[in-house]
Structure formats: C-alpha cells, structure tokens
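Heads up, the thing below is written out as structure tokens.
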Amino acid sequence: MHTTAPITDTVHWVGVNDWQTTLFESLWPLPYGISYNSYLILDEQVALIDTVKEDCLECYLEKIQQLLPEEKGIDYLIVNHMEPDHSGAIGILKKFYPEMKIIGNKQTKRFLDGFFGITEDVQAVAEGETLDLGEHVLQFTMTPMVHWPETMMTYETGDKILFSGDAFGTFGALTGGVFDDEVQISWYEDETLRYFSNIVGKYSRMTQKALKKLDSIPLNVIASTHGPVWRRNPQRIVEIYDHWSRHKAEEGVTIVYGSMYGNTTRMMEAVARGISETGISNIYRHDVSVSHPSFVIRDVWRNKGIVLGGPTYDQGLFPSLASITDFLGHKELTGRVAGVFGNYGWSGGAVNTLSQFVENREWENVDPIVEVNCTPTSKDLEECRMLGRHLAERVGSP
Ligand code: FEO
C-alpha cells in the first residue's frame, strides 16, 4: 500500500518522494529530497495531472492502480510541464493506458514528439479552453517560461484547485504530511526560496505575467508539482512568489568571498564588522570554497546587500568565486546593492573582475572598493570596515 492523499473525495495526490537523487537537474543539491507531485481526478472521465520522474515509476503506477476503480482506465493525461522530473513516466504510462489522450499545448506537442516520439492522441489546448470530465471542469491557462516554454496551469473550476506546475513549488520531500496544514511550513521556507531562486527566478518577468493572470481567480487549493499542497493558506505562497519575482529583498547582506591563506578572510571580517555596527544583524556568510552556488544564490535573492570579495589567482578572479558569479549571473537578478574587495600578490585582477560583474548587473556599487597588496594593513582593514558601513547604510535605506 503506497501513500496517497485526498484533496477532495474525487481529487487525489498521487505524487512520489525522491530521496535518492542528490542533485536536481544534476546541478542543485537535494539534502532533504524532493517530491514530484501528480494528481488523479476520478470522474466519468478520469484525468491524471502531470506524472513523475521515470525512476519513481513503479511506486507511482501502484498508487494510481490503488485508486482507480476496476473498470476504469485513464482517459486524459494533462501535461502542465514537460521537464522530465514530471514527464519521465509518460512513455511507459502510455503503454499501460493506450487509450489515454494527452492534453497539452502547441509547445507540449513538440516536446512529446522529441522526448517520446508520441504524436498520436495528443490534443493541444489554448488559453481559457476547458475540458469537461463530468462533474469536474478543467480550464487551462498558458504560463510560458514558468519554467519552460510549454508550461501551463490547469484550474479545476468547481473546487477551485489550481494545478500550478513548478510555480509555488519547493525543494524538500514530503515527510508524512502532504498539505501545508500537515507540515511545519516554516521549515520549508528556505527550501522554497532556494527552489525559486535556482529554478524559476531567472524567469521572474514571466512569473509576474502568470501571477497577473491568477489575480482574478479564486483559489481554494494550490497544488504544485513539488512540495506541500497549499489548502490552509494558498494566498501566502502567491504573496511570497510575488515578492521574490519582483526581486524585492530583506534588509540583510550576503557576503560571498574566497580566501587562500586567510588575508581575504581578515578583510571579510572587517567588512562584516562594519555592517554589524550599523545595526544590521542579517549577515549571511558564504566561503565559496565551502558553499554550493545553490545556497549562495538563495541568500543573494533573499538580501538587498551583497559583498563580493576574493583573491587574484593567475591574474584573474579566484576560480571558485568566478564559478559562483557565473552561476549568479545566469539568474538575472536585479536591484542589489554591492560592495567589492579583494587582494593580490604580484598583479591585480580580482577586484576589476568583480566590479565589472556588479556593473554588468546594473547593481549599485558602494564605495570604497578595497584592493590590497598581500596582507591587509590596519589602514586597509579600516577601509574594509567603512565599506561595510556604507553598504549597510544603503541596504537600510528605502
Ligand atoms: Fe519540476 Fe521544471 O520541473
């Protein structure tokens, strides 16, 4: 017997937990696992909404079979999103339920052919179209690039359940509880921000477009493809996504730095002291030789201030810091206030590269930019402290 969970008498969560995958998309760590959520609607016509990753197929099929009345098959598979964490099971599912018609949109058709060679029994729907299952009527809305071009959402009009795809999702598997009122939802906050900033954040503009479409729709339940189903307070996750996709931030500073022999660490500590002296206590420190970019991106998304510091290596930027700035640059985050410091032995390079990075983002670059030769002097450390103070003053201002 596998765990399923009723959202209503006829709408069921049939998702699976993945505790085995260590890196989502082979990029982003999953220290607490992840869930792939799928939903089964039992009606005159049976519909399944999204599937799961191929590795989780056996458990998933058993869940569906547990709930399906004996004489019933699956009439429709609604594909909100084709990334293989949700579409991986489609090929085999189609073999199990050959009568199953697949509902997507024009872009979905292209991916179904590309990933599975499926071209038959596929119906493309457009914005606002509906599908009548008997008691339940589903309405489709196109939300491209949240997170792929084919992404759409499906709204169950009677019970007002939004099957939202990746939007409103989170890292972190479901340990027993499936709904927001069954889990300690505050535990998920960091993982939700990490998921948003790592996966969806790059497409913030398109997320805002999607949120505008949802503005006028009553939502009793938000059923995403990852993490808890929101039924106690669905508006909460909508507000959080709105905040993050506007690139709004908290009054805090993320310090992202590297240090080979401790000199840059001393500079970092002086900067941090300067920040603290202004009364800001939200200081998140990431040593790039230790922190994975996934967690750095999360905290840079969280905080208005960012400090970038590192040594020069082979006339350029310390490679671990270069790697993180590369990851961060991909995310196209706007509206941050930045400070830059660094040092060098025989020739400079790091500070110029970091300043250029800040300029390319059109982030505000706070003075002074501190560049030190070898070991920082007391005067250098005082400059670092002033950098921290100036940055914090800008972070604290509206
Ligand atoms: Fe959860 Fe974009 O896939």
remark   = Ranked from fewest to most other Cβ atoms within 10 Å of their own Cβ, Cys374, Cys384, Cys56 fall in the order Cys374, Cys56, Cys384
ask   = So which aspartates and glutamates pass the test for Lys53, namely a Cα distance under 13 Å, with those fewer than 8 places away in the same chain ruled out?
value = Asp18, Glu25, Glu83, Asp85
ask   = Of Met1, Met145, how do they rank once you tally other Cβ atoms within 10 Å and put the fewest first?
value = Met1, Met145
ask   = When the Cα centres of the stretch 320-383 and the stretch 62-115 are compared, how far apart do they sit, in Å?
value = 49 Å
inquiry  = Nearest 500 deg cm²/dmol is fine: what mean residue ellipticity at 222 nm does the chain get from its DSSP H runs of n ≥ 4 alone, each adding -39,500 (n - 2.57), divided by its residue count?
reply    = -10000 deg cm²/dmol
key: Span per principal axis, largest first, for the Cα atoms of the stretch 5-245 (Å)   = 43, 38, 36
query = Across bins of 10 angstrom width beginning at 0, how are the C-alpha pair distances of the stretch 20-107 distributed, in whole percent?
reply = 16, 50, 25, 9, 0
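Pop the C-beta distance of Thr265 and Asp367 into the FRET formula with R0 = 22 Å and round what comes out to the nearest 0.05. Before the final figure, lay out the partial values.
On the way: r = 22 Å, r/R0 = 1.01.
The computed FRET efficiency comes out at 0.50.
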ask   = In the structure shown, do any of Lys212/Lys304; Lys106/Lys331; Lys72/Lys95 have a Cα-Cα gap over 21 Å, and if so which?
value = Lys212/Lys304; Lys106/Lys331
inquiry  = Quick check: from the Cα gyration tensor, does the stretch 161-279 come out rounded (a/c under 1.5), prolate or oblate?
reply    = prolate
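Starting with the fewest neighbours, write out Tyr188, Tyr241 ranked by other beta-carbon atoms found within 10 Å of each beta-carbon.
Numbers: Tyr188 20, Tyr241 25.
With the sparsest Cβ surroundings first, the list reads Tyr188, Tyr241.
Find, to one decimal place in angstroms, the Kirkwood hydrodynamic radius of the stretch 250-392, where the mean of 1/r is taken over every pair of different Cα atoms and then inverted.
About 14.5 Å for the stretch 250-392.
How high is the FRET efficiency between Thr22 and Ile92 when r is their beta carbon distance and R₀ equals 30 Å, given to the nearest 0.05?
After rounding, the FRET efficiency stands at 0.80.
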task = Let me know the charge dipole size of the chain about its Cα centre in debye, to the nearest 20, where only the beta-carbon of Lys, Arg (+1) and Asp, Glu (-1) is charged.
result = 1200 debye
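Computed from the coordinates by the stated procedures, all read-outs in this text should not be read as laboratory data. Bear in mind the structure is a predicted one, so any value in this text is a computation, not a measurement. Neighbour counts run over all protein chains shown; Cβ positions are idealised from the backbone, glycine included.
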